[in-house]
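A.B. asks: Here it is: the structure, laid out below.
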Amino acid sequence: MKGLGRMGAVVAKEFKHLGRDPRMLAAVILLPIMQLLLFAYALSFDVDQVPTVVIDMDKTQTSQQYAGRYEQSVFFNVVRHGETMDDADVSFQRGVARVAVIIPAGFEHQIKSGAQAEVAVLVDGSEPNSARVGQLYSVALNQLFSAELTREWAERQGLDLSAVSGMEPRVRTWYNPNRRSSDFLIPGLMVVILAIVTIQQTAVTLVRERTLGTQEQLEVSPMRQVELMLGKIIPWALLAFVDVVVIIAIGVFGMGVPLRGSIPMLALGATLFILSSLGFGLAISAVAPTEDTANIGALMLAFLPSFLLSGFVFPLGQMPEVVQWISYVFPARYMMSLSRGVFLKGAGFAELWPELAALAVTSFILIAIATVLYARKVRQ
Amino acid sequence: MSEPATGARGGTTGPVDPALPVIPDSFRHLGRSPVPATGLAVQVRGLRRTFGETVAVGGVTLDVPIAAVFGLLGPDGAGKSTLIRMLATTLLPDEGDAEVFGVSVTSNPKAVRPRIGYMSQRFSMYPDLSVRENMDFFASIRGVSKADRRTRGDALLESMGLAEFAGRQAMRLSGGMKQKLMLATTLMHEPDLLLLDEPTTGVDPVSRREFWRILADLHEAGKTVLVATPYMDEAERCTDIAFLDSGMIREAGTPAEIKAKVPGRLLELRAGDPRAATRAIAGLPGVLSAHPLGDNVRVLWDSSADPEPVLAAALLEAGIAESGVREIAPDMETVFSHLAESGPEAAA
């Protein structure tokens with residue numbers, strides 16, 4: 001009971017600090033929203049309107065018909081028409097285009113004569129994402145075009161192609177049928193922001209107690225370490241929850257991200273995840289001598305793992321095995337799949353209990369390590 | 001560091017300044033009846049602490065009587081802070097132990113903490129919180145009830161002259177007010193023993209006098225005060241003193257006992273050029289030590305001979321005008337400079 005009172009005093013004090021420092025409050029509330037907008041729009045992985053230069057050296061009806069397909073496609077944006085190969089070089093160097101389509105002279109002649117016609121598609125590999133997409137779409141476009149040519153040829157020959165059976169895959173994407181990256185990113189961004197706000201602020205404000213000298217006054221009080229820690233993390237966890245609610249609201253109502261699962265499930269996961277953040281924050285504050293070091297430490301342990309080792313942006317399955325093993329240490333990956341499971345798949349306890357268990361175990365281990373590190377620090 | 005000391009030398013030496021009002025009742029609100037003025041508040045036994053190769057406190061044994069104002073004197077780096085922090089239970093000793101009101105600081109620090117108020121050398125309050133908020137926060141984590149926080153806070157702010165600054169942010173306080181805020185905060189949970197680590201360092205002379213006025217009031221109210229200070233003149237305001245140097249106690253006792261250890265008589269020699277006069281008389285038979293101080297020379301005379309003709313002759317020879325010699329009561333400044341010169345072996 002007395003412990004609760006002391007913890008409450010710390011919580012109230014932390015809110016007073018926040019109230020006295022409006023810049024801090026603004027940073028904690030506004031930064032996540034800015035990040036959200038940045039990720040949702042600027043860092044979108046949806047690629048369309050790839051700037052394209054078309055170099056038609058054939059200048060025939062067929063070549064123009066082929067080039068027209070690029071003009072009509074939403075994936076390509078034909079920004080220039082060129083005459084020679086040099087135009088491709090110049091366009092790439094100036095960054096005007098990322099894809100160059102080169103139709104060689106004799107294109108029509110080869111098609112008419114029934115020979116295999118060749119088209120060169122150059123992609124600017126310095127931007128791998130649009131290069132990959134540009135490549136895939138141009139291949140698809142070529143297939144369509146040649147299928148059309150085949151059909152025209154068959155019709156001229158009086159053949160009925162519908163009699164020819166073929167195999168064709170029908171691909172459907174589940175959970176995120178339009179494969180919109182915002183559906184994928186926003187549930188993940190929630191995890192990143194939870195990690196940053198809670199880990200960074202707990203670590204920094206704990207180190208601040210030391211640099212201010214107030215830590216010593218706290219030590220001579222009957223307050224237990226755990227009361228101080230909880231008192232420190234509660235205000236930031238509350239603020240992180242505010243951030244999460246804002247992010248979800250913008251995502252769901254503003255960007256149409258589906259929220260198919262239950263909110264209590266998400267809240268349970270987030271609570272466990274915040275406990276693990278407490279462990280990180282504590283561990284950092286136990287070893288960091290200054291607030292600056294704590295900031296950098298938080299960046300290393302909060303931002304990087306939740307960003308890179310969680311599957312937020314880069315699929316973990318594509319990483320080297322060692323990196324994958326490292327990622328198991330960080331709770332962010334479990335929270336990431338939990339968050340996406342709830343948002344996109346509507347998954348519940350039956351599907352997500354392994355993630356919940358992993359979160360609980362990593363949190364427990366982290367807090368244990370941090371407590372040991374912290375205890376060593378006191379009275380030295 | 002030496003600036004406030006020089007500034008205060010003008011006339012604040014001597015016991016608690018009679019010109020300042022001493023209000024023995026001003027800390028009656030501290031509630032807890034004064035502990036009987038017998039027995040020991042602190043018993044230090046062979047306390048030792050090193051930091052790497054440096055011996056900060058090298059085996060200190062010390063007794064602080066209940067209701068004493070115990071001055072822990074010594075230069076920077078003498079080990080005062082380390083000793084106080086071990087008593088405050090924020091630092092573990094390597095060897096030895098100390099008991100605060102009979103409770104060990106090493107084996108039972110939790111039982112020691114409620115009875116002590118510790119004021120560290122650094123300003124250690126939240127700069128963005130107000131005076132009142134700082135006092136209330138530290139009181140509430142010390143388990144002081146809301147009602148007590150209000151009544152004690154009001155009374156402390158009043159008696160320290162901080163009432164009108166209650167709402168001011170701690171970072172906007174002057175140096176003296178910051179120290180008073182720290183003291184007021186350590187008094188909120190009504191400790192019986194105050195451990196004050198250089199509370200007047202870097203504080204202007206007027207604020208120093210006021211701070212000592214408050215300490216005198218606390219003494220009247222029955223509190224035990226252990227105060228570390230580098231200022232020798234503050235020793236005169238203590239009931240007991242110990243001189244710490246290089247982690248060892250060199251001298252301990254009441255100010256009168258310490259003064260009695262200085263042999264001979266202290267003379268004040270008025271001379272035209274005090275520095276030249278000091279050089280002229282140093283080493284004369286009977287002169288134990290000579291130091292220029294202001295327009296005078298402080299001479300420690302240890303001889304049965306009349307000092308006046310001897311000194312006059314020496315000055316005449318050096319061509320320095322002399323206008324009189326008079327005997328004065330030894331002050332702590334002189335006592336410690338003599339003890340420091342005679343070295344540890346003389347103190348043993």
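The values are calculated or read from the model by the stated rules, or taken from the named source; none is laboratory data. All of these numbers come straight from a predicted model, not from anything done at the bench. Here the Cβ is made from the backbone with ideal geometry for all residues, glycine too, and neighbour counts use every protein chain on show. Surface areas here come from the heavy atoms of the whole protein model, side chains and all, with no ligands, DNA or RNA. Shrake-Rupley method; radii C 1.70, N 1.55, O 1.52, S 1.80 Å.
A.B. asks: If you check B:279, B:275, B:209, which single one turns out to be open to solvent by 30 Å² or more (accessible area, probe 1.4 Å), out of contact with any helix residue (DSSP H, G or I) (no Cβ under 6 Å at 6 or more places or on another chain) and at pLDDT 90 or above?
C.D. replies: Values: B:279 fails: at pLDDT 90 or above; B:275 fails: at pLDDT 90 or above.
Step by step, each of B:279, B:275, B:209 is checked, and only B:209 is open to solvent by 30 Å² or more (accessible area, probe 1.4 Å), out of contact with any helix residue (DSSP H, G or I) (no Cβ under 6 Å at 6 or more places or on another chain) and at pLDDT 90 or above.
A.B. asks: For region A:197-305, please list each of the helices (runs of 4 or more DSSP H) lying entirely inside it that holds at least 2 residues being under 21 Å from residue A:341 (Cβ atoms), aliphatic (A, V, I, L, M) and more than 14 Å from every other protein chain (Cβ to nearest Cβ). I'd like the intermediate steps shown before the answer.
C.D. replies: On the way: elements: A:214-219, A:225-249, A:263-287, A:291-298.
Counting at least 2 such residues, we get A:225-249, A:263-287.
A.B. asks: Oh, and also: So the check is Cβ under 6 Å with 6+ separation or different chains; which pairs have a first residue in region B:79-92 that's within 12 Å of chain A (Cβ to nearest Cβ) and a second one that's open to solvent by less than 10 Å² (accessible area, probe 1.4 Å) and in a loop (DSSP other than H, G, I, E, B)?
C.D. replies: B:85/B:91; B:88/A:220; B:89/B:105
A.B. asks: When you scan region A:247-258, do you find a residue that is surrounded by fewer than 20 Cβ atoms within 10 Å (Cβ to Cβ) and at positive phi, even just one?
C.D. replies: yes
A.B. asks: Of the conditions (1) out of contact with any Lys or Arg (no Cβ under 8 Å at 6 or more places or on another chain); (2) within 11 Å of chain A (Cβ to nearest Cβ), residue B:141 clears all except one; give me its number.
C.D. replies: Only one criterion is unmet by residue B:141, namely (1).
A.B. asks: Then there's this: Could you list, ordered by first residue, the pairs with Cβ atoms under 9 Å in which the first is in region B:146-172 and under 15 Å from residue B:187 (Cα atoms) and the second is β-branched (Val, Ile, Thr) and open to solvent by 40 Å² or more (accessible area, probe 1.4 Å), at least 6 apart or interchain?
C.D. replies: B:159/B:23
A.B. asks: Pick out the one residue from B:129, B:157, B:173, B:193 that is of a type outside the set (Asp, Glu), crowded, with 19+ Cβ neighbours inside 10 Å and closer than 26 Å to residue B:101 by Cα. Can you show your working first?
C.D. replies: Details: B:129 fails: closer than 26 Å to residue B:101 by Cα; B:157 fails: closer than 26 Å to residue B:101 by Cα; B:173 fails: closer than 26 Å to residue B:101 by Cα.
Just a single option satisfies the conditions, and that option is B:193.
A.B. asks: Another question, if that's okay. Are any residues in region A:111-126 touching a Pro at 6+ places or on another chain (Cβ under 9 Å) and either of a type outside the set (Gly, Ala, Ser) or not assigned by TED's automatic domain parsing to the domain that holds residue A:146 (or both), and if so, which ones?
C.D. replies: First, pick out the residues of region A:111-126 that are touching a Pro at 6+ places or on another chain (Cβ under 9 Å): A:117-120.
Matches in region A:111-126: A:118, A:119.
A.B. asks: Here are B:201, B:239, B:224, B:254: which of them is out of contact with any Lys or Arg (no Cβ under 7 Å at 6 or more places or on another chain) and farther than 16 Å from residue B:63 by Cβ? Reasoning before the result, please.
C.D. replies: On the way: B:239 fails: farther than 16 Å from residue B:63 by Cβ; B:224 fails: farther than 16 Å from residue B:63 by Cβ; B:254 fails: farther than 16 Å from residue B:63 by Cβ.
Of the residues listed, the single one that is out of contact with any Lys or Arg (no Cβ under 7 Å at 6 or more places or on another chain) and farther than 16 Å from residue B:63 by Cβ is B:201.
A.B. asks: Picking from B:171, B:125, which residue would you name as being touching an Asp or Glu at 6+ places or on another chain (Cβ under 8 Å) and of a type outside the set (Ser, Thr, Tyr)? Spell out the reasoning first.
C.D. replies: Details: B:125 fails: touching an Asp or Glu at 6+ places or on another chain (Cβ under 8 Å).
Testing whether each residue is touching an Asp or Glu at 6+ places or on another chain (Cβ under 8 Å) and of a type outside the set (Ser, Thr, Tyr) leaves just B:171.
A.B. asks: Still on this structure, please answer the following. Collect the residues in region A:330-361 that are in a loop (DSSP other than H, G, I, E, B) and either acidic (Asp, Glu) or under 20 Å from residue A:245 (Cβ atoms) (or both), keeping them in residue-number order. Talk me through it step by step, then tell me what you get.
C.D. replies: Here is the first cut: in region A:330-361, the residues in a loop (DSSP other than H, G, I, E, B) are A:330-331, A:346-348.
Listed by number, the list holds a single entry, A:346.
A.B. asks: Would you point out which residue out of A:299, A:308 is within 15 Å of residue A:277 (Cα to Cα) and open to solvent by 50 Å² or more (accessible area, probe 1.4 Å)? Full working, then the answer.
C.D. replies: Numbers: A:308 fails: within 15 Å of residue A:277 (Cα to Cα).
Of the residues listed, the single one that is within 15 Å of residue A:277 (Cα to Cα) and open to solvent by 50 Å² or more (accessible area, probe 1.4 Å) is A:299.
A.B. asks: Return yes when residue B:202 is closer than 30 Å to residue A:13 by Cβ, surrounded by fewer than 20 Cβ atoms within 10 Å (Cβ to Cβ) and touching a residue at least 40 places away in the same chain (Cβ under 8 Å) and no when it is not. Can you show your working first?
C.D. replies: Details: closer than 30 Å to residue A:13 by Cβ: yes; surrounded by fewer than 20 Cβ atoms within 10 Å (Cβ to Cβ): yes; touching a residue at least 40 places away in the same chain (Cβ under 8 Å): yes.
Criteria met by residue B:202.
A.B. asks: Just a yes or no: is a residue in region A:313-332 surrounded by 22 or more Cβ atoms within 10 Å (Cβ to Cβ), of a type in the set (A, V, I, L, M) and assigned by TED's automatic domain parsing to the domain that holds residue A:212? Before you say what the answer is, go through the steps one by one.
C.D. replies: Here is the first cut: in region A:313-332, the ones surrounded by 22 or more Cβ atoms within 10 Å (Cβ to Cβ) are A:330-332.
If we keep only those that are of a type in the set (A, V, I, L, M) too, we end up with A:332.
Now restrict to residues that are assigned by TED's automatic domain parsing to the domain that holds residue A:212: A:332.
For region A:313-332, residues surrounded by 22 or more Cβ atoms within 10 Å (Cβ to Cβ), of a type in the set (A, V, I, L, M) and assigned by TED's automatic domain parsing to the domain that holds residue A:212: present.
A.B. asks: Out of (1) polar (S, T, N, Q); (2) within 14 Å of chain A (Cβ to nearest Cβ); (3) surrounded by fewer than 16 Cβ atoms within 10 Å (Cβ to Cβ), the odd one out for residue B:61 is which?
C.D. replies: Condition (2) is where residue B:61 drops out.
A.B. asks: Okay, moving on. Give the residue, chosen from B:249, B:214, that is crowded, with 19+ Cβ neighbours inside 10 Å, assigned to a strand (DSSP E or B), touching a residue at least 24 places away in the same chain (Cβ under 8 Å) and of a type outside the set (Ser, Thr, Tyr). Lay out the reasoning, then the answer.
C.D. replies: Working: B:214 fails: assigned to a strand (DSSP E or B).
Going through B:249, B:214 in turn, the sole match is B:249.
A.B. asks: Among the residues of region A:1-38, which ones are among the β-branched types (Val, Ile, Thr) and over 30 Å from residue A:182 (Cα atoms)?
C.D. replies: Passing the criteria: A:10, A:11.
A.B. asks: Let me ask something else. Check whether at least one residue in region B:192-206 is part of a helix (DSSP H, G or I), out of contact with any Phe, Trp or Tyr (no Cβ under 7 Å at 6 or more places or on another chain) and among the β-branched types (Val, Ile, Thr), and report yes or no.
C.D. replies: Pass one, region B:192-206, residues part of a helix (DSSP H, G or I): B:205-206.
Adding the requirement that they be out of contact with any Phe, Trp or Tyr (no Cβ under 7 Å at 6 or more places or on another chain) leaves B:205-206.
Right, trim to among the β-branched types (Val, Ile, Thr) and you get B:206.
So far as region B:192-206 goes, yes, one or more of its residues are part of a helix (DSSP H, G or I), out of contact with any Phe, Trp or Tyr (no Cβ under 7 Å at 6 or more places or on another chain) and among the β-branched types (Val, Ile, Thr).
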